[in-house]
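Enquirer: Below are the structure tokens for one structure; questions will follow.
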Amino acid sequence: MTIFSKKSSSEKGQLLVFVLLFGVAFIGLSMAMILSNLKEYKIVNQEINRQQGETLTENAVTYAQTFFNDNRLLLLFPLESFEEIAAGETSKSQMIQQGLRRCQSDEDWQRQLEEMKSYTSGDWLSIEMGKWRMTDYQYDPQKKVGTIIVESETEKNIKSRLKVPMNIEFYSVPVLHLLGLDTDGTGNLRFLGDIWVKNCQVDLNKFFFNNPNKNFSIYMTFPEPELPELGFGTVSGIPEQQQNIIINNPPSDIVFPRPGDVPSNAYTDSETGEEVLVFSYVIKSLNITNNSRKIILRNELNGKRVKIIFYLVKSARGSIVNQCSNGGIPCKPADFFLFAYGADGGLTLGEFDESNPQICLRINSYLNGVIVAPGYQVGLNRNGVQVQFDGFIIADTWDTSGSCGSNSPSIRLKSTLEWSDFPGDWEYELIPPMIAGNRNWQPLPVSGSERTSELSDYEEYDELTNYLRKFKSEQPPTYELLPSNASSFHFQYRNIMKEEEEEEEEETNN
């Protein structure tokens, strides 16, 4: 009995030891599983945070760029000017507002103004998963780059501060800019360039294009440029024999420049370096009903390029053609400018005023030029099977009646002009810009990111590693969202994961 009792007690002791060892092992395994799950939870949580930060940053930049797409003229001005533009208290800001509004109703325009004020206030704006704000914008006209500073912060305090440079481009020179209420459009004429329409009641579907995938009609409501100043009767700087010219069914063709004409000025083309002679004329009357007679515009004189400017003060009817030098200087649309002043209620010239002025031009084969006639009805006719106008026309309305302008699809209009082709004293002050893509986005330090307009003070980092090295030496450990380029993101946790793993390992060993 004693022996049996000792044996039973020994077995119980062994079982107890086994149970204790098993419990310790189970607890160890459970702790390992818990630590593993905690680690996995942290990794999953960090991945969720990373994805939220990435989405928030992308959305913040998208919101900023959408704002500029809706207010494209603001791309030309610094952020500190936006509040003044939204107030519309100066003539300059009112002119910009006219271009920004672009056929909107009063209700929509007020909504856009309020949005403009909120976007440019520097205050945080709510967004899904967090908030964002635009703290600066500057435009470099030489580089044609607009740069935004965008900040965002998720609900879990993952912050980002980005410098977003954007390439800025401008609409190309259109072939036609209509200012009035033109209900008939341009008939069957075909365009190889864009059409701008100022009156919001004009049906844009009235215009047809040879390549509708490339060219388009669009409302442009900003003010057209002013005509060069023209006095009564004579113009300073123009020789007397080149003023008050009357052309009424001449017996033969008239070639400009005429013998004895002298240039009013000359300049050096900045691109080609060639000297350009400018011949200016004040045309009091132009009426050529004989289809066999025409005005011929030379583009060369004694080996030098010639630019001809007509200041028209009444209606004009007749044929105008270009005469390009054979094998020498090619014709360019900017070689001929026609400024028309006889618009009743516009730039009045007393005795020259007409209630319904017209410019009715007949083209033999082709005509290059710029026609600026803000109060006129303009029409093109043809003396040939297929004719083409290459240049830019500003008019009140377009005529396809047949008496002034034709409705034939055999008349084609295109524009090969650049904005640099226009004289420096006559230009569109507010050519609409557009965002033409991003450059590489650059991360900026998050701390101390007060609203500022000193973009030039930010140091640029070509390589992300250099930025991380500098940033790590200046800032305490934190989660930072750092985009690697304009199209993709990656997030650096700056060894926080490694630090946490080392702390967990140290706790386990202890």
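The values are calculated or read from the model by the stated rules, or taken from the named source; none is laboratory data. Keep in mind it's a predicted model, so treat the numbers as computed, not measured. All Cβ positions, even for glycine, are placed from backbone atoms using ideal geometry, and neighbour counts span all protein chains on display. Ligands, DNA and RNA are excluded from the accessible area calculation, which covers all protein heavy atoms including side chains. Shrake-Rupley method; radii C 1.70, N 1.55, O 1.52, S 1.80 Å.
Enquirer: Out of everything in the range 155-171 that is part of a strand (DSSP E or B) and among the basic types (Lys, Arg), what residue ends up being nearest to Glu128 (Cα to Cα)? Spell out how you get there, then give the answer.
Expert: Within the range 155-171, the first condition is being part of a strand (DSSP E or B), and the residues that meet it are 159-170.
So of that shortlist, the ones also among the basic types (Lys, Arg) come out as 159, 161, 163.
Numbers: Lys159: 14, Arg161: 17, Lys163: 21 Å.
So the residue we want is Lys159.
Enquirer: Give the residue, chosen from Ser285, Ser280, Ser252, that is assigned to a strand (DSSP E or B), over 28 Å from Ser415 (Cβ atoms) and open to solvent by less than 70 Å² (accessible area, probe 1.4 Å).
Expert: Working: Ser280 fails: over 28 Å from Ser415 (Cβ atoms); Ser252 fails: assigned to a strand (DSSP E or B).
Unique residue meeting the criteria: Ser285.
Enquirer: If I go through the range 331-366 residue by residue, how many of them are more than 23 Å from Val173 (Cα to Cα), assigned to a helix (DSSP H, G or I) and either at pLDDT 85 or above or not hydrophobic (A, V, I, L, M, F, W, C) (or both)?
Expert: 2
Enquirer: May I ask you to verify whether Ser152 is out of contact with any Cys (no Cβ under 9 Å at 6 or more places or on another chain), among the polar types (S, T, N, Q) and in a loop (DSSP other than H, G, I, E, B)?
Expert: Values: out of contact with any Cys (no Cβ under 9 Å at 6 or more places or on another chain): yes; among the polar types (S, T, N, Q): yes; in a loop (DSSP other than H, G, I, E, B): no.
No; evaluated as a whole, the condition is false for this residue.
Enquirer: Let me ask you something else. For the range 172-189, name all the residues that are closer than 16 Å to Thr416 by Cβ and open to solvent by 20 Å² or more (accessible area, probe 1.4 Å).
Expert: Scanning the range 172-189 gives a single hit, Ser172.
Enquirer: What are the residues in the range 308-330 that are in a loop (DSSP other than H, G, I, E, B) and polar (S, T, N, Q), if any? Spell out how you get there, then give the answer.
Expert: Applying the first criterion (in a loop (DSSP other than H, G, I, E, B)) to the range 308-330 yields 313-315, 324-330.
Listed by number, the residues that qualify are Ser315, Ser325, Asn326.
Enquirer: Given (1) open to solvent by 10 Å² or more (accessible area, probe 1.4 Å); (2) free of Cβ contacts under 8 Å to residues at least 40 places away in the same chain, identify the lone condition not met by Ile195.
Expert: (1)
Enquirer: Tally the residues that are under 19 Å from the mean Cα position of the chain (by Cα), exposed (fewer than 14 other Cβ atoms within 10 Å of the Cβ) and assigned to a loop (DSSP other than H, G, I, E, B), restricting the search to the range 400-428.
Expert: Total meeting the criteria: 2.
Enquirer: While we're looking at this one, here's another question. For the range 180-205: of the residues being modelled with pLDDT of 90 or more and touching a helix residue (DSSP H, G or I) at 6+ places or on another chain (Cβ under 9 Å), which is nearest to Arg102 (Cα to Cα)?
Expert: Among residues in the range 180-205 that are modelled with pLDDT of 90 or more and touching a helix residue (DSSP H, G or I) at 6+ places or on another chain (Cβ under 9 Å), the one nearest to Arg102 (Cα to Cα) is Val197.
Enquirer: Please go through the range 61-110 and pick out each residue that is of a type in the set (S, T, N, Q) and open to solvent by 60 Å² or more (accessible area, probe 1.4 Å).
Expert: Let us first name the residues in the range 61-110 that are of a type in the set (S, T, N, Q), namely 62, 65-66, 69, 71, 81, 90-91, 93-94, 97-98, 104-105, 110.
Scanning the range 61-110 gives Thr62, Thr66, Asn69, Ser91, Gln94, Gln98, Gln110.
Enquirer: Same structure, new question: From (1) open to solvent by 10 Å² or more (accessible area, probe 1.4 Å); (2) in a loop (DSSP other than H, G, I, E, B); (3) closer than 21 Å to Glu427 by Cα; (4) in contact (Cβ under 8 Å) with a residue 24 or more places away in the chain, pick out the condition that doesn't hold for Ile218.
Expert: For Ile218, the failing item is (2).
Enquirer: In addition: With the condition being closer than 30 Å to Ser160 by Cβ and modelled with pLDDT under 65, I'd like the helices (runs of 4 or more DSSP H) fully within the range 1-101 carrying at least 1 qualifying residues. Walk me through it before giving the result.
Expert: On the way: elements: 2-70, 82-87, 91-101.
The qualifying helices (runs of 4 or more DSSP H) are 2-70.
Enquirer: In addition: Does the range 117-149 hold any residues that are at pLDDT 90 or above, open to solvent by less than 60 Å² (accessible area, probe 1.4 Å) and under 20 Å from the mean Cα position of the chain (by Cα), and which are they?
Expert: Passing the criteria: Met134, Asp136, Tyr137, Gln138, Tyr139, Asp140, Val145, Gly146, Thr147, Ile148, Ile149.
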